[in-house]
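K.L.:
I am attaching a structure below and will ask some questions about it afterwards.
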Amino acid sequence: MSSAPRRPGQPALPPPVSVRLDSSVASLWQHRVDQHVRDWYMGLRLQKFPEDLRVYEHLLWEYQPNVVIELGGHRGGSALWFRDRLVALARYRPLGRPLVVSVSLDTTPAREGVALRDPGHADSIVFIDGDVRDPDLPGRVAAVLPGEARCLVVEDTAHEYDTTMAALAGFGRFVAPGGYFVVEDGIVDVAGLRPVNAGWGGVLLAIDEWLATDDGRAFTVRRDLEMYGLTTCVRGWLHRRPSD
Ligand SMILES: C[S@@+](CC[C@H](N)C(=O)[O-])C[C@H]1O[C@@H](n2cnc3c(N)ncnc32)[C@H](O)[C@@H]1O
């Protein structure tokens, strides 16, 4: 299936998943995993479970960030979704300037997709080309943040050990006490949850090792945030303790 932006007016629906009461949860899970990489937001590819989007909304309401740092942007649907949520949140709670910083090896597809939907996005979405493993990348991201940044960080790049560790080590510092760092797709490391054709990635190992570091010890894994039962962010909802 192509993931090019859909034209305005065209229906943008993911393939349906039908549930039979006599089928297993494992079967439902695999269909949902397959579906979530074929979903859309405003006609742009958005690869997240609806359940996870709801969890994000809870975190946005609770922590009230004005900045989302997204590592791994793909086609721009997720950057646009986070931006639109931040703008919506700002209607209810006074925040600083809403901003999404979206980082990818090559942001061209995301830039083009977002520009198609919102030509005036430049003041609220900044794209940065870079490798999450590049030690200079955190500094480049810091340079575009507004002074009053309260950051939520989302790691959604390659779902491998080195990219996950680099994201945590390089970007954990952007999360203030009380804030959140979300590592997506730890499902690659869980037999039965990993997508067909995916192999072990090392995401969960990287999380565990980083949590044992000086920076990581400030965070706890919030398994209670896997509240809707289905999540791709297994052991990945990381909360920085409010009082450290
Ligand atoms: C799973 S997709 C992101 C999905 C998107 N966040 C969403 O929810 O729709 C992964 C993205 O990470 C990028 N990526 C992969 N390895 C990377 C790396 N080492 N550094 C930065 N970006 C990387 C890919 O190019 C791709 O855009």
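K.L.:
Residue under question is Gly172, and the condition is that it be more than 11 Å from the ligand (Cβ to nearest atom), in contact (Cβ under 8 Å) with a residue 12 or more places away in the chain and either open to solvent by 10 Å² or more (accessible area, probe 1.4 Å) or β-branched (Val, Ile, Thr) (or both); does it hold?
P.N.:
Details: more than 11 Å from the ligand (Cβ to nearest atom): yes; in contact (Cβ under 8 Å) with a residue 12 or more places away in the chain: yes; either open to solvent by 10 Å² or more (accessible area, probe 1.4 Å) or β-branched (Val, Ile, Thr) (or both): no.
In short, no.
K.L.:
So, Arg7, is that one out of contact with any Leu (no Cβ under 7 Å at 6 or more places or on another chain), open to solvent by 60 Å² or more (accessible area, probe 1.4 Å), within 14 Å of the ligand (Cβ to nearest atom) and free of Cβ contacts under 8 Å to residues at least 60 places away in the same chain or not?
P.N.:
Working: out of contact with any Leu (no Cβ under 7 Å at 6 or more places or on another chain): yes; open to solvent by 60 Å² or more (accessible area, probe 1.4 Å): yes; within 14 Å of the ligand (Cβ to nearest atom): no; free of Cβ contacts under 8 Å to residues at least 60 places away in the same chain: yes.
Spelling it out, it is not the case that Arg7 is out of contact with any Leu (no Cβ under 7 Å at 6 or more places or on another chain), open to solvent by 60 Å² or more (accessible area, probe 1.4 Å), within 14 Å of the ligand (Cβ to nearest atom) and free of Cβ contacts under 8 Å to residues at least 60 places away in the same chain.
K.L.:
Looking at this structure, is Arg93 charged (D, E, K, R) and at pLDDT below 95? First the steps, then the outcome.
P.N.:
On the way: charged (D, E, K, R): yes; at pLDDT below 95: yes.
Yes.
K.L.:
Count, please, the residues in segment 36-68 that happen to be more than 9 Å from the ligand (Cβ to nearest atom), open to solvent by 30 Å² or more (accessible area, probe 1.4 Å) and either in a strand (DSSP E or B) or under 19 Å from Thr108 (Cα atoms) (or both).
P.N.:
1
K.L.:
Continuing with the same structure: What are the residues in segment 37-59 that are in contact with a strand residue (DSSP E or B) (Cβ under 7 Å, 6 or more places away or on another chain) and closer than 12 Å to Asp84 by Cβ, if any?
P.N.:
Leu46
K.L.:
Follow-up. Evaluate segment 81-101: report whether one residue or more is in a helix (DSSP H, G or I), within 16 Å of the ligand (Cβ to nearest atom), open to solvent by 30 Å² or more (accessible area, probe 1.4 Å) and more than 18 Å from Leu152 (Cβ to Cβ). Show your work before the answer.
P.N.:
Residues of segment 81-101 that are in a helix (DSSP H, G or I), as a first pass: 81-92.
Then keep just the ones that are within 16 Å of the ligand (Cβ to nearest atom); that gives 81-86.
Next, from what is left, pick out any that are open to solvent by 30 Å² or more (accessible area, probe 1.4 Å): 84-85.
Within this subset, residues satisfying the condition of being more than 18 Å from Leu152 (Cβ to Cβ) are none.
For segment 81-101, residues in a helix (DSSP H, G or I), within 16 Å of the ligand (Cβ to nearest atom), open to solvent by 30 Å² or more (accessible area, probe 1.4 Å) and more than 18 Å from Leu152 (Cβ to Cβ): absent.
K.L.:
Still on this structure, I have one more. For Val126, state whether it is buried (at least 17 other Cβ atoms within 10 Å of the Cβ) and part of a strand (DSSP E or B).
P.N.:
Spelling it out, Val126 is indeed buried (at least 17 other Cβ atoms within 10 Å of the Cβ) and part of a strand (DSSP E or B).
K.L.:
Out of the residues in segment 187-209 meeting the condition of being within 30 Å of Ala143 (Cβ to Cβ) and buried (at least 22 other Cβ atoms within 10 Å of the Cβ), tell me which one is farthest from the chain's Cα centre (by Cα).
P.N.:
Step by step, filter segment 187-209, then rank; the result is Ala206.
The values are calculated or read from the model by the stated rules, or taken from the named source; none is laboratory data. This is a predicted model, so every value here is computed, not measured. Neighbour counts are summed over all protein chains in view; Cβ atoms, including those assigned to glycine, are modelled from backbone coordinates with ideal geometry. Keep in mind that these areas ignore ligands, DNA and RNA; they rest on the heavy atoms of the full protein, side chains included. Shrake-Rupley method; radii C 1.70, N 1.55, O 1.52, S 1.80 Å.
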